[in-house]
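Asker: Can you keep this structure in mind? I'll have questions shortly.
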Amino acid sequence: MIGLSRWKVWVILAGLPVWVACGQVTESDPQERATSGQESAEATSSESRSESSPEVEEMDAPEVDEVESDALPVEGSTYRHPQGLFEISFPPNYARQPQANGLSFLSANGQFGGEVIYFEVEETFTTEELEELYRQRTQEAFSRIAWQRSELQPDGSVRLDWRGRNAGGQDLDAIGYIEQHGNRVYILDVYGINQSYDIYLEDSRLIVGSYQVNRNP
């Protein structure tokens, strides 16, 4: 890890709102998801990993509770939703935490993160309605929102760039993607935390480029 211990990273991760997201705005656009899938696939590795055993003294070594593997940093691996609803890959040393309706993730230094969320709806939204839905949910979850731009992506998702502040007082430089397939809406948010999004463009290209959702309702 860089700068923060695993405990500190998870304190930050657990405190992030997991609704819908965030990601920061940038003058430089990250590579489009539709064209970066092949590059990101080369960066992924097996999900299986092992945790090295800590050194202990022969006598009077304290017992240590085991931690579930999904709560550990993942070395450049791909996360696949148990029901196959989405998959996404991360650079080395990213912590991830599955949620009831998605996944949150955070870099080892706590300065770049995001989440994937999904939820069911009863209607089919137009592109304009999806954009408005994203804006409404973001404004409910964050404060001091400054919208930068929105853009329809080649894969049919809508990208929105914005800046805001989370409940913990951290400034976010964010990019979000929203899309609908059948009766399910997906949102991906990636953002710099008290940092410019541009600093983490390489991480963003891998994360966003690897992101895939189940397009079959």
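Asker: What is the spin-label model distance, in nm, from Ile199 to Arg165 if the labels are put 7 Å beyond Cα along the C-beta direction?
Answerer: Distance between label points: 1.9 nm.
Asker: Give the peptides 81-88, 190-197, 176-183 in descending order of average Cβ contacts within 10 Å, highest first.
Answerer: On the way: 81-88: 14.6, 190-197: 22.9, 176-183: 19.8.
Sorting 81-88, 190-197, 176-183 by mean packing, highest first, produces 190-197, 176-183, 81-88.
Asker: Say R0 is 30 Å: what FRET efficiency, to the nearest 0.05, do Thr124 and Arg149 get from their beta-carbon distance?
Answerer: Taking R0 as 30 Å, the efficiency between Thr124 and Arg149 is 0.75.
Every number in this text was worked out from the coordinates using simple rules, so none of it is lab data. Please read these numbers as outputs of a predicted model, since none were measured by experiment. With ideal geometry, Cβ positions are generated from the backbone for all residues, glycine too; neighbour counts draw on all protein chains shown.
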